[in-house]
């Protein structure tokens with residue numbers, strides 16, 4: 001659909017941002033639903049963020065996706081925050097409603113949706129192990145806690161960051177050192193790699209933990225999606241684990257943003273297909 005005088009605009013802001021798959025995902029969704037919207041990528045340096053958000057407000061840009069390095073800074077610039085964004089102190093989505101900017105964080109909701117859609121996996125009363133303590137890990141831990149997981153073990157090299165992340169799960173959060181995580185891995189229903197280990201051009205040794213205890217009946221998510229098949233995923237599948245990369249989480253968190261902006265159900269199958277085509 002060609003832009004018209006009525007076309008509503010949305011964008012992803014970050015630095016760098018030209019590599020982003022978001023325009024592919026979102027424009028596929030707008031096209032499939034027949035909405036007169038268009039989505040672009042805008043590179044915004046950190047020092048320019050307040051001006052960029054003021055410009056979006058003034059220009060009536062209806063929605064923004066927020067990526068690195070702006071997620072925490074953007075939260076401070078919003079007029080309002082959703083409860084999830086407030087708890088995380090970070091946003092990845094902004095809704096512009098008549099000049100009022102409301103920040104949301106859709107990563108966790110997208111992760112839970114991807115589990116349900118891809119594996120019919122319900123986190124309630126499940127044991128979960130999450131590797132990492134960065135922004136993605138924090139979103140995932142909070143979402144698993146909100147979805148009723150019975151135990152969420154956080155494993156990270158930096159103990160202080162792990163403790164702050166596990167605290168998001170309240171008394172169901174626990175911190176375990178990497179060298180002591182094997183029994184938790186063996187007992188887990190869900191294992192998540194929320195680190196960047198395996199990204200880029202990994203060797204067979206680029207795995208975040210000893211995967212020899214993984215087994216049939218478990219679900220493993222490696223949120224990396226470049227490459228599509230990481231060494232960890234290959235090992236997990238060899239051991240009979242139901243495993244997936246981060247493409248589904250990427251698409252589902254974008255779907256939540258789409259719905260926040262438009263009020264229309266996102267065409268998730270179209271979005272998944274669009275990003276699969278882009279990644280080859």
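Rule-based calculations on the coordinates, nothing more; no lab input. Predicted model only: the values in this text are computed from it and were never measured. As a convention, Cβ positions derive from the backbone with ideal geometry for all residues, glycine included, and neighbour counts pool all protein chains shown.
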In degrees rounded to 10, the 0-90 angle between helix 22-33 Cα long axis and the longest Cα principal axis of the chain is 70
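Return 68, 47 ranked ascending by Cβ neighbour count within 10 Å, so the fewest neighbours appear first.
Working: 68 12, 47 8.
The order, fewest Cβ neighbours first, is 47, 68.
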Final fewest-first order of 185, 35 on the 10 Å Cβ neighbour count is 35, 185
So residue 179 and residue 73, fully extended at 0.36 nm per residue minus their Cα-Cα distance, gain in nm 34.7 nm
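At 0.36 nm per residue, and after removing the present C-alpha to C-alpha distance, how many nm does the segment from residue 226 to residue 86 gain when stretched out fully?
Values: separation 140, 0.36 × 140 = 50.40 nm, distance 2.98 nm.
47.4 nm is the gain from fully extending residue 226 to residue 86.
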Exposure-ranked with fewest Cβ neighbours within 10 Å first, 139, 150, 62, 212 stand as 212, 150, 62, 139
Rounded to the nearest Å, the spacing of the alpha-carbon centers of segment 84-138 and segment 200-221 is 23
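Need the full-extension length gain, residue 206 to residue 4, defined as separation in residues times 0.36 nm minus the C-alpha distance. One decimal, nm.
Working: separation 202, 0.36 × 202 = 72.72 nm, distance 4.83 nm.
Length gained between residue 206 and residue 4: 67.9 nm.
Work out the FRET efficiency for residue 119 and residue 265 from their Cβ-Cβ distance, taking R0 = 25 Å, and round it to the nearest 0.05.
Values: r = 21 Å, r/R0 = 0.84.
Calculated transfer efficiency: 0.75.
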Highest mean packing first, using Cβ neighbours within 10 angstrom, the peptides 244-252, 124-132 sort as 244-252, 124-132
